[in-house]
1. Give me the pairs, please: first residue somewhere in segment 169-182 and within 17 Å of residue 239 (Cα to Cα), second residue anywhere and loosely packed, with under 12 Cβ neighbours inside 10 Å, beta-carbon distance under 7 Å, and either six or more positions apart or on two chains.
2. Restricting to segment 290-316, name every residue that is free of Cβ contacts under 8 Å to residues at least 40 places away in the same chain and under 23 Å from residue 213 (Cβ atoms).
3. Would you call residue 230 under 18 Å from residue 172 (Cβ atoms) and not in a helix (DSSP H, G or I)?
4. Those residues that are assigned to a loop (DSSP other than H, G, I, E, B), exposed (fewer than 12 other Cβ atoms within 10 Å of the Cβ) and touching a residue at least 12 places away in the same chain (Cβ under 8 Å), I need them from segment 59-102; list them, please.
5. Can you pull out every residue in segment 272-310 that is loosely packed, with under 15 Cβ neighbours inside 10 Å and not in a helix (DSSP H, G or I)?
6. Here is a list of conditions, (1) part of a loop (DSSP other than H, G, I, E, B); (2) more than 15 Å from the chain's Cα centre (by Cα), and residue 167 meets all of them except one; can you say which number that is?
7. Would you pick out the residues in segment 132-148 that are buried (at least 20 other Cβ atoms within 10 Å of the Cβ) and over 21 Å from residue 48 (Cα atoms)?
8. Looking for something surrounded by fewer than 19 Cβ atoms within 10 Å (Cβ to Cβ), within 26 Å of the chain's Cα centre (by Cα), modelled with pLDDT of 90 or more and farther than 17 Å from residue 205 by Cα - is there at least one such residue anywhere in segment 244-267?
């Protein structure tokens, strides 16, 4: 009798263990991370907000679900390499934020029959669309994403860009720290942090370009400097609110001009375009200063840069 009781207890214990393991395996997760990657306090707040939104606006969740179901068909009809998911999601407006955060990090269906390109487009597009909303409620998810993201440059770039668009001190410092850390994420962070239009981000990018990296990395950094100092972007009130426009754009312009002669070919072309994007008033003086120490053959190249600057469409 005693042996039977022991055996029965063992069977129950084994069943409980199996149940626990099965539950862990089937735990809800988003398409990038699971909610366990977010702190308990932030996770509770997010799950509660998603629950309220699902009751108050179920249509937003249904719309996102239908779009996901349509991904294989959209992928089959695409014209470029990837379905423009972010552009589609942006059309849904702010009501899509919580459904997208739920899909990213809380409770999403398995991948299903999406091929590699469709799955990639879906995941990257979700992050890009969340970033475009510049909503602080996304911060816990975006911080978690940038920490655990896969080592795919597109995915890291999307996470860095989305985090940078929040424009907070914490977001900027996080990106700067990651940009300085060598490793598989570094290029993706450098490529995306141009959307973090804060002085510390501009200085980090300037430092990266002044280190004279290889042409491939220089192209990424130059594009981000063009973005971070973009004269057009700084006309947006939400970006201009930081009060750092002058210092950010000057930092970007100086780094770009100083690196102009260090590169040729595509890298120089990208640097030129970035200089024109930043369009800082100090650019002519920066070019003249560079000419004074340039070799005779390089002075002509600098003259060509200043001519392009003077004839830029941004000038009246």
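1. Filtered contacts from segment 169-182: no entries.
2. 290, 293, 294, 295, 298
3. yes
4. At the first step, the residues of segment 59-102 found to be assigned to a loop (DSSP other than H, G, I, E, B) are 78-84, 91-93.
Narrowing the set further to residues that are exposed (fewer than 12 other Cβ atoms within 10 Å of the Cβ) leaves 79-81, 91, 93.
The one that is assigned to a loop (DSSP other than H, G, I, E, B), exposed (fewer than 12 other Cβ atoms within 10 Å of the Cβ) and touching a residue at least 12 places away in the same chain (Cβ under 8 Å): 81.
5. Hits for segment 272-310 are 281, 293, 295.
6. The single condition residue 167 does not satisfy is (2).
7. Scanning segment 132-148 gives a single hit, 146.
8. There is at least one residue in segment 244-267 that is surrounded by fewer than 19 Cβ atoms within 10 Å (Cβ to Cβ), within 26 Å of the chain's Cα centre (by Cα), modelled with pLDDT of 90 or more and farther than 17 Å from residue 205 by Cα.
The values are calculated or read from the model by the stated rules, or taken from the named source; none is laboratory data. Given the structure is predicted, the values throughout are model-derived calculations rather than measurements. All Cβ positions, even for glycine, are placed from backbone atoms using ideal geometry, and neighbour counts span all protein chains on display.
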